[in-house]
Amino acid sequence: MTVLKLVLSDGFMPMQRFGPAPLFELDRRYLRHGSQGQVIGRHINCAWEVGTRHYSCIQIDGRAVFAVFFDPGHPQGSRIIKGPFTQIRLVDGHAYGDGSRLAQFVESSDAWCEPAEEACWPCVEFRNDAR
């Protein structure tokens with residue numbers, strides 16, 4: 001099984017690392033770690049707040065990373081799967097898969113908007129499989 005690793009950085013402070021884990025989730029503005037969904041940070045003012053520190057960039061690495069956009073409140077459980085990617089980067093409220101833009105966080109709707117589908121989703125999971 002491929003595991004994912006997450007690194008937070010800002011260019012000045014030491015990096016903070018999480019993982020290995022089978023998934024990381026963006027639940028609206030919250031960053032969650034692993035299958036238990038532990039909150040490790042939140043998106044605020046185009047930065048990631050983890051404890052008392054603020055980071056400008058998140059990088060998620062793995063051999064095959066899938067981005068799963070979904071709405072847990074939708075009765076049909078609709079979702080869109082993108083990938084696989086070898087690297088996900090979250091910078092200034094934008095999510096990129098291997099350099100291509102996947103989504104942008106829109107504060108007013110508190111959701112991740114995916115331009116190709118012209119849809120907004122409250123949750124995005126970065127997983128090591130396409131389930």
Go through the cysteines of the chain and tell me which have no other cysteine Cβ under 4.7 Å away. C46, C57, C123
Pseudo-spin-label distance A119 to C57, built 7 Å along Cα→Cβ, given in nm, is 3.1
Taking the simple approach of a point 7 Å from Cα along Cα-to-Cβ for both D98 and S78, what is their distance in nm? 2.7
Residues with amide H under 5 Å from that of W121, placed H, sequence gap 5 or more: W112, C113, E114
Residue (of N45, P20, S78) at the positive-pole extreme of region 1-116, dipole from beta-carbon charges: P20
Which value, in debye to the nearest 20, describes the size of the charge dipole of the chain about its Cα centre when Lys and Arg Cβ atoms bear +1, Asp and Glu Cβ atoms bear -1, and nothing else is charged? 400
Taking the number of other C-beta atoms within 10 Å as the exposure measure, put T52, T86 in order starting with the fewest. T52, T86
Karplus 3J(HN,Hα) series, Hz, for region 103-114 with 6.51 cos²θ - 1.76 cosθ + 1.60 (x for Gly, Pro): 6, 9, 7, 10, 4, 5, 9, 6, 8, 9, 9, 9
As a footprinting exposure proxy, order K82, K5 by other Cβ within 10 Å, with the fewest listed first. K5, K82
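Every number in this text was worked out from the coordinates using simple rules, so none of it is lab data. Computed from a predicted structure; not experimentally measured. Here Cβ is always computed from backbone atoms with ideal geometry, including for glycine, and neighbour counts include all displayed protein chains.
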